[in-house]
Amino acid sequence: MAATEKVDVTKTVDGYRARKGRFDVLDVPDLRFLMVDGHGDPNTSAAFADALGALYPVAYTLKFASRRDLGRDYVVPPLEGLWWAEDMAAFTTGRDKTQWSWTMLIMVPEWVDGGMVDAAISAVAAKKRPARIDDLRCEVLSEGTCVQTLHVGSFDDEGPVLAAMHDDVIPARGLRMTGTHHEIYFSDPRRTPPEKRRTILRQPVVPVDA
């Protein structure tokens with residue numbers, strides 16, 4: 001039997017493409033994600049580490065099930081995160097990570113149905129029982145029109161880029177922010193030096209008069 005071709009599902013969605021130094025306005029389609037919520041500094045929060053400890057085993061169990069049962073292999077999509085705080089200056093200037101709330105995400109390909117997701121969650125729960133497996137869910141994220149750019153560098157250097165996006169770029173285009181700040185992580189921080197990390201920074205928007 002010939003080897004199953006491995007598909008990179010992010011290659012078909014414009015929202016996974018961005019360039020450093022350029023702010024693009026685009027319409028992001030509805031996508032399904034594995035999700036786990038939490039609060040606090042991602043560098044020190046046990047809840048954050050536990051969220052990833054639930055997301056990744058389920059994501060890879062789904063990948064293997066798709067290859068085995070459907071003959072459709074794919075690259076597990078990158079980790080993503082929704083981030084917010086009562087005072088958004090906690091992102092752009094203060095960078096007070098203790099004030100951050102978050103939802104960590106991994107996209108689910110469109111051909112993987114809800115039954116497969118439920119089976120993957122049950123399989124991981126039965127075998128490994130990650131601390132936050134009961135908090136994991138699969139939902140559709142609807143963002144619509146967004147502004148995004150590619151940030152290359154340390155996560156802690158995002159502040160000026162976000163400030164420019166929020167305070168200059170979005171108002172200059174007759175838009176205002178809505179929804180939740182979104183990041184897509186293309187680099188593994190365990191293997192990539194901070195100055196070379198590639199992260200899409202995205203903000204949902206609507207027209208000012210909407």
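Within the option set THR92, THR103, THR61, being of a type in the set (Ser, Thr, Tyr) and at pLDDT below 95 holds for one residue only, THR92. Applying the criterion of being at pLDDT below 95 and assigned to a loop (DSSP other than H, G, I, E, B) to the residues of segment 147-172, the residue that is surrounded by the fewest Cβ atoms within 10 Å (Cβ to Cβ) is SER154. Entry remark, segment 31-50: residues being closer than 18 Å to ILE184 by Cβ and among the hydroxyl-bearing types (Ser, Thr, Tyr) number 0 in total.
Candidates LEU136, LEU175: the one that is buried (at least 20 other Cβ atoms within 10 Å of the Cβ) and more than 19 Å from the chain's Cα centre (by Cα) is LEU175. Flag: GLU110 does not match the condition of being open to solvent by 40 Å² or more (accessible area, probe 1.4 Å) and in contact with a Phe, Trp or Tyr (Cβ under 8 Å, 6 or more places away or on another chain). The sole residue among ASP73, ASP24 that is surrounded by fewer than 20 Cβ atoms within 10 Å (Cβ to Cβ), closer than 20 Å to THR178 by Cα, in contact (Cβ under 8 Å) with a residue 60 or more places away in the chain and touching a Ser or Thr at 6+ places or on another chain (Cβ under 8 Å) is ASP24.
Looking at PRO42, PRO57, PRO78, which is the one that is within 13 Å of the chain's Cα centre (by Cα) and open to solvent by 20 Å² or more (accessible area, probe 1.4 Å)? Break it down stepwise before answering.
On the way: PRO42 fails: within 13 Å of the chain's Cα centre (by Cα); PRO57 fails: within 13 Å of the chain's Cα centre (by Cα).
After applying the criteria, what remains is PRO78.
Within segment 15-26, take every residue that is of a type outside the set (A, V, I, L, M) and more than 22 Å from CYS138 (Cα to Cα) and give me the one that is nearest to the chain's Cα centre (by Cα). The selected residue is ARG17.
The values are calculated or read from the model by the stated rules, or taken from the named source; none is laboratory data. Not measured: the values here are computed from a predicted model. Neighbour counts are summed over all protein chains in view; Cβ atoms, including those assigned to glycine, are modelled from backbone coordinates with ideal geometry. Accessible surface is based on the protein model in full, side chains and every heavy atom, while ligands, DNA and RNA are left aside. Shrake-Rupley method; radii C 1.70, N 1.55, O 1.52, S 1.80 Å.
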